[in-house]
Amino acid sequence: MHLRLIAVGNKMPDWIDQGYHEYAKRLAAGYQLSLIEIPPEKRTKQTDIARALVKEGEKMLAASMPGNFVIALDVKGQVWSTEKLAENMQVWHRENRTVDFFVGGPEGLAEACLQKAQIKLSLSALTLPHLLVRVIVAEQLYRGYSILQNHPYHRP
């Protein structure tokens with residue numbers, strides 16, 4: 001199974017890159033996590049934010065291959081427990097799915113990305129910085145994997 005984090009943003013602080021890569025490299029046994037960074041549109045005082053969001057969305061959609069299962073991270077989405085994530089990971093693994101997680105930039109995701117998603121998932125009712133979301137998603141995927149492997153990392 002291939003898990004892909006398609007995220008708006010590049011040139012992340014070292015601690016974000018280190019956090020993401022630490023959890024991504026812990027996955028094994030048929031679980032692979034990769035990161036596809038979508039360069040954000042330039043923002044100035046004169047930037048049309050709606051237009052920038054649409055352009056970022058177009059790039060995200062172009063990075064997602066037809067047939068991939070798409071999950072959009074959105075504050076208004078469903079809330080899953082880690083155990084529910086692990087259950088879904090088991091199904092995706094059994095079906096040999098490629099799962100794309102869409103992570104928007106500072107203004108969130110383009111409407112087209114939300115519409116493409118089979119699932120809209122919320123990590124929290126809190127507003128989280130978009131750059132931190134990539135670390136949280138990588139950690140939760142590793143935690144779900146550890147549940148499936150009966151590894152002691154997850155302690156409910």
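Among Glu95, Glu22, Glu139, which one shows the biggest mean-square fluctuation in a GNM of the chain, springs joining Cα atoms closer than 10 Å?
Glu95
So which residue, out of Thr82, Thr44, Thr127, gets the largest mean-square fluctuation from a GNM of the chain using Cα contacts under 10 Å as springs?
Sorting by GNM fluctuation, first place goes to Thr44.
For the chain, what does -39500 (n - 2.57) per DSSP helix run (n ≥ 4), summed and divided by total residues, give at 222 nm, in deg cm²/dmol to the nearest 500?
-13500 deg cm²/dmol
If you count the DSSP beta bridges with both ends in the chain, what percent of them are antiparallel, to the nearest 5?
Values: 1 of 23 bridges.
So the antiparallel bridges in the chain amount to around 5 percent.
Name the long-range amide H neighbours of Asp74: under 5 Å, sequence gap of 5 or more, or other chain; modelled H, no Pro or chain starts.
Counting only residues 5 or more places away or on other chains, the set is Leu121, Ser122, Leu123.
How large is ³J(HN,Hα), in whole Hz, for each residue of segment 14-21 in order, when computed from phi with the Karplus curve 6.51 cos²θ - 1.76 cosθ + 1.60 and θ = phi - 60°, using x for Gly and Pro?
Taking θ as phi minus 60°, the curve returns 3, 5, 6, 4, 5, x, 4, 5 Hz for segment 14-21.
How tilted is helix 82-94 with respect to the longest principal axis of the chain? Cα atoms for both, answer in degrees (0 to 90, nearest 10).
Approximately 80 degrees, to the nearest ten.
Connecting C-alpha atoms closer than 10 Å in a GNM of the chain, tell me which of Asp17, Asp74, Asp48 has the biggest fluctuation.
Greatest mean-square fluctuation among the candidates belongs to Asp48.
Could you check the simple spin-label distance between Arg51 and Gln90, using points 7 Å along Cα→Cβ, in nm with one decimal?
Simple spin-label model gives 5.0 nm for this pair.
What is the set of long-range amide H partners of Leu5 at a cut-off below 5 Å, with H atoms built 1.01 Å from backbone N?
Ser34, Leu35, Ile36, Phe101
Filter the trypsin sites (Lys or Arg not before Pro) in segment 1-95 down to the DSSP loop ones having no more than 10 other Cβ atoms within 10 Å, then list what survives.
Lys11, Lys42, Lys45
With 25 Å as the limit, write out which pairs from Lys59/Lys116; Lys55/Lys76; Lys25/Lys55; Lys59/Lys120; Lys25/Lys84; Lys11/Lys76 have Cα-Cα distances beyond it, or answer none. Walk me through the numbers before you get to the answer.
Details: Lys59/Lys116 13 Å; Lys55/Lys76 22 Å; Lys25/Lys55 31 Å; Lys59/Lys120 19 Å; Lys25/Lys84 22 Å; Lys11/Lys76 27 Å.
Result: Lys25/Lys55; Lys11/Lys76 exceed 25 Å.
Bear in mind that the values in this text are calculations on the coordinates, not laboratory data. Not measured: the values here are computed from a predicted model. All Cβ positions, even for glycine, are placed from backbone atoms using ideal geometry, and neighbour counts span all protein chains on display.
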